[in-house]
1. Write out, first by first residue and then by second, each pair whose Cβ atoms fall under 9 Å of each other, whose residues are 6+ apart or on separate chains, and whose first residue, in segment 284-298, is of a type outside the set (A, V, I, L, M, F, W, C) while the second is in a helix (DSSP H, G or I).
2. With the structure loaded, tell me whether SER146 is of a type in the set (S, T, N, Q), buried (at least 17 other Cβ atoms within 10 Å of the Cβ), in contact (Cβ under 8 Å) with a residue 24 or more places away in the chain and within 19 Å of PHE87 (Cβ to Cβ) or whether it fails that test.
3. I'm checking my understanding of the structure. Among residues of segment 505-521 that are crowded, with 24+ Cβ neighbours inside 10 Å and part of a strand (DSSP E or B), which one is farthest from the chain's Cα centre (by Cα)?
4. For segment 221-242, state whether one or more residues are over 29 Å from PRO91 (Cβ atoms), at pLDDT 90 or above, open to solvent by less than 50 Å² (accessible area, probe 1.4 Å) and not charged (D, E, K, R).
5. Looking at (1) surrounded by fewer than 17 Cβ atoms within 10 Å (Cβ to Cβ); (2) more than 30 Å from LYS37 (Cα to Cα); (3) at pLDDT below 90; (4) not basic (Lys, Arg), which is the only condition SER170 fails?
6. Quick test for you: out of ILE665, ILE700, ILE654, pick the one residue that is modelled with pLDDT of 85 or more and open to solvent by 50 Å² or more (accessible area, probe 1.4 Å).
7. Condition first: open to solvent by 10 Å² or more (accessible area, probe 1.4 Å), among the β-branched types (Val, Ile, Thr) and either part of a loop (DSSP other than H, G, I, E, B) or modelled with pLDDT of 95 or more (or both). Now tell me which residues in segment 595-627 satisfy that.
8. Give the residues of segment 720-739 that are surrounded by fewer than 20 Cβ atoms within 10 Å (Cβ to Cβ), in contact with a strand residue (DSSP E or B) (Cβ under 7 Å, 6 or more places away or on another chain) and not in a helix (DSSP H, G or I), sorted by residue number.
Amino acid sequence: MNPELPPLRFPPPLIKARRRQRPRKITPPGYTLAQRKAVAQRVLAQIATVDAALAKLSPDEKRAVFLKLQHDRPLVPKDLVGTGLSFMSEPGDSETLVIPKADNLGKLATRAQDFEAGSKATLLKNPGLLTILTDISAPNPKERLSDELRQSYEEDIKSDHFIYEIEIASQAASAKKHSESLEAIIKQLKATFKHGTQGAIYDTDYLGSAARLVVWTKGSIYQHLVDTPEWWRVITVFELRPRFETMKTVFDNFSMGNITVTPPLPDAETICVIDSGIAIGNPFLQPITKAEASRSWVYGASPTEDLHSHGSGVASLAAYHTINLHQGDENTAAAWVVSARIMTDEGDPDSPRIDDIIEDRKQQSWLLSNILREIVETYVPQGIRIYLLAFQIHDHIWSRATRRQVARNAWLARAIDHLSLEFDVVFVCVTGNIPIDDAHELSTQPDSSYPRYLFSPLAKLLDPGPAALAVTCGAIAHSTQILGGDHGLIAQLDEPSPFTRSGPGFGDSIKPDVVERGGSLVRHLETGKYAKNIGTEVVIASNQLTPALTRAHGTSYAAPRVAYHLAQILRDTRSLGIHASAPLLRAFLAVSCTGIEHPQGLTTDEKQSLTGHGLPNGSNALLCQPHSALLYWQGEAGANSTAILRIHVPPEIISAGQRKKRITIAVASAPPVQRTGLSDYLGARMKFWLYRGDKPIDEILAQHQREEQEANEAHSNSSDHLVCEIGITARSHGTLQRDTFEWSRHQPEFSQDDYTLAIALTPAAWLPDAPIPSIPLAVVVRIEETSGQFQQLYAQVSARVRAKA
């Protein structure tokens, strides 16, 4: 940042209601007699199979039975009208558990017969479940088990102490009765657990008509809950609790006498490191850690000890960005860190709290989402805005092929989005890592060499990477040096690391948002197998006094560098008196990014799903120079509105000849997100357009909005927007969007008036119409003449901003 040339605040934007678009008229498909017959006969055959199975059940089993429907599209409540079925739990995209209201499927059979005969016009227009139903499964209580638990069931029921998660559902008719119903179920569970001798409840998370519980039981009790009819409709989901990946590293010899270590300035920003602890006995970590503010959410564990070395390594890069090793090197920290410890010595972040025998039996713990809320509530009053969570949850893969294996309410990413919005903070998360052996295996599949295997459904984001309001970080290779002669490179410098994962995230958000250097893998020259090599790993602080350093690789060591950039941005905004919202911090981060050179043959969408907006530079995020001006705005806009901002591009820029001119735009929003669903996750979608100064502003306004009294008709004229580097189709996903427009020759008419930036918000169907919610929004625009020839750019833009303020 240049204090003499501070960033410029946009004059207040013009915010107008968008056109009220007429609802699209959906013409129902016409069904021929042959098509109706085929649909009906298929459904009737499935019904006959299920009815035959139901007839064999005992009366108790019939009263408790549930069915699994498979379907071509997500179900909505009206799909079950008149079928004699009701939802047992939240419907999925392709599979849903339902409860039959009778002991057979007679009502559904009647609907199928009426549809075939064409006897009811309403069925011909809206067949509901009939045409999208692909299968009905006969009752099987193990349908409620996750894939993992189904595979290990026979072993798990023999266990003496088995820990897992369940979801219980209320079948009460009214919302007022849900709480009472759930509490009654919990009391019944406690009685089944023999009040602590056969099992116990660790934590309860209420979710409307359902609740999520972490429990331990003997294997026999677990089997009872799965197989006994009285629990079939009560417990809708059984899952393993999340398992977190930890790192093992090899220590390198290092002498602290070779380098110098300087702590941050007293007023530097603080980053909350949510991890395995920070070992303040390490000479790199002691000067940067606020030990008195650090806390542990693991009973009896110190926040300033770290047996795993993971949190210590993460903290060192959050404060220093890079650790320099050569003799005479300086290591000056730019941020403080505070340790919020969530991992036990055994590497378990969901550990029971043990005090005495009674407490040992209770073994109380929190779901990680609740722990994160406590952490944020603890540190927000202390002014901490940046929260670094460099963990991933195994098997919580966000891809179309695997995401339904995770219950919708079990995504940690959702909890992070709610915290980000509620407390106006920025979480930094990771895409997650592909294990070395898995990366090698994926690379050996047909047409799946590096980097193509990174787009595999098994290489998609791990939870909480899909979080829409967090900054998710992927990894790129930082070195082409390899120790020894047995290995060869997989990724070139700054190419995606062979272990990084790909997006998109929730709401089709561009993920990762950014990338940083997190190390790389190598290929064994003889066997071709993937392996680690000291030369391509990242230097980090260890968890002990000596050796003080170690090496590792992973997105866990890319993310803290992004937190470092955010800390620099937050420091600069505060020094300028700007109270930056979380969207503004994310927008500043995005506008500071530079693009990444990718391997050949990748599409724009593929590039974004590996490296997002690129590599950030926090120290230059707010930098203005005579030939480069930065403008920003933060505020709110209605969920169904367009914000219009004017960007002055001086006509004198023509004096720079055909040297490149560039406008970089970053827009960030913080819409509400769904509490349960995932298919339409974001409460408002965002797009932006850029127009040159020769496009009449009244025509642009007519394209994007209308006054309340105006007729709902499109304007007869339209103005073409500028086609930027990424393009509106590829960039218009998620809550953080960035694009760049470059041009060489500047015509005088281009600056006939100010350029126009139009940002549109469109509400999701589930967002209430009244009152229309306001969405936090932030915009950052950089205008630059890249050769530095036009030295009056900042002065002229600044003068125009002052004139319009």
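The values are calculated or read from the model by the stated rules, or taken from the named source; none is laboratory data. The model shown is predicted, which means the values in this text are computed figures rather than measured ones. Cβ sites come from the backbone with ideal geometry, for glycine too, and all protein chains shown count toward neighbours. With ligands, DNA and RNA removed, areas are computed over all heavy atoms of the protein, side chains included. Shrake-Rupley method; radii C 1.70, N 1.55, O 1.52, S 1.80 Å.
1. PRO287/ALA319; THR289/ALA315; THR289/ALA319; ARG295/ILE375; ARG295/THR378; ARG295/TYR379
2. no
3. Step by step, filter segment 505-521, then rank; the result is GLU516.
4. Yes, segment 221-242 has at least one match.
5. (1)
6. Answer to the check: ILE654.
7. ILE596, THR603
8. HIS721, LEU722, GLU725, SER732
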